[in-house]
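The values are calculated or read from the model by the stated rules, or taken from the named source; none is laboratory data. Keep in mind that this is a model prediction, so the values were computed, not measured. Note that each Cβ is placed from the backbone with ideal geometry, even for glycine, and that neighbours are counted across all protein chains shown. Quick note on the areas: whole protein, heavy atoms, side chains included, nothing else; ligands and nucleic acids left out. Shrake-Rupley method; radii C 1.70, N 1.55, O 1.52, S 1.80 Å.
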Amino acid sequence: LPILFMGEEYGETAPFPYCVDHGDPALLDAVRRGRAAEFGRDADQFDPADPATAGRARLDRRHRDTLEGEAMLALVRQLLAVRRGHPLLHDPGVEESVAYVDGQVVVVYRRLGTVESAVALNFSDTPSKTVLAGRSTWRRLLDSTEIPPDGSEPAPGLVMAGGQVPLAPWGFAVCWGDHHRSSAS
């Protein structure tokens, strides 16, 4: 299931540090030391008992109304709509489900019968291409390089010949195919 955490849907920038209200000073000291060691920082940078730490973690919902916030919220809505409209992306009864790495690209491929889905994610600063597994003529359902700024649905497009999908730096593509229909057309 997709999980959105504390304002992620609009790109919240407030930190979310651990906060406590322990009455036991020894326990509080242990928590402070443990958190500092775990994250490799000074113990007082995000003091879990300091009310100011909790204050810095408050969401600034005004960020939703910025251009960046609106764009992120539109993207999250599109991703959820694609997931709803294409159950193969989350159906636990798929016949095949694999993830593979192609250079800096991670691809998650799923198949049920003749229907296939692939999500390709480019984890680099440079454009990339990857070849999708499967036998379909792939169609892009959502591509981070073609998301309209107004939040409207992008037009699905064909992936390049041979299942090659181009990806922008730090970009992604959600693709769908039906190799039965592809070979008949």
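Side notes on the structure shown:
- Mean-square fluctuations from a GNM of the chain, with a 10 angstrom spring cutoff on Cα atoms, peak among ALA57, ALA71, ALA168 at ALA57.
- Per-pair calculated FRET efficiency, R0 = 41 Å: GLN45 and VAL108 via Cβ, rounded to 0.05: 0.70
- Convex hull of the stretch 30-133 built on C-alpha atoms - directionally averaged projected area, nm²: 11.2
- Surface accessible to a 1.4 Å probe, per residue, for the residues of the chain, Å²: 61
- Equivalent-ellipsoid semi-axes of the chain, from the Cα gyration tensor, Å, largest first: 41, 19, 15
- Additional length obtainable on full extension of the chain from TYR100 to PHE5, 0.36 nm per residue less Cα span: 31.5 nm
- Rolling a 1.4 angstrom probe over the chain with all protein chains present gives an accessible area of which 56% lies on carbon and sulfur atoms.
- Between ARG32, ARG83, ARG58, the GNM of the chain built on Cα springs shorter than 10 angstrom shows ARG32 fluctuating the most.
- From phi via Karplus (6.51, -1.76, 1.60), per-residue ³J(HN,Hα) for the stretch 95-102 in Hz, x at Gly/Pro: 7, 9, 8, 9, 10, 9, 10, 10
- Helical contribution to [θ] at 222 nm, DSSP H n ≥ 4, -39,500 (n - 2.57), averaged over the chain, rounded to 500: -7500 deg cm²/dmol
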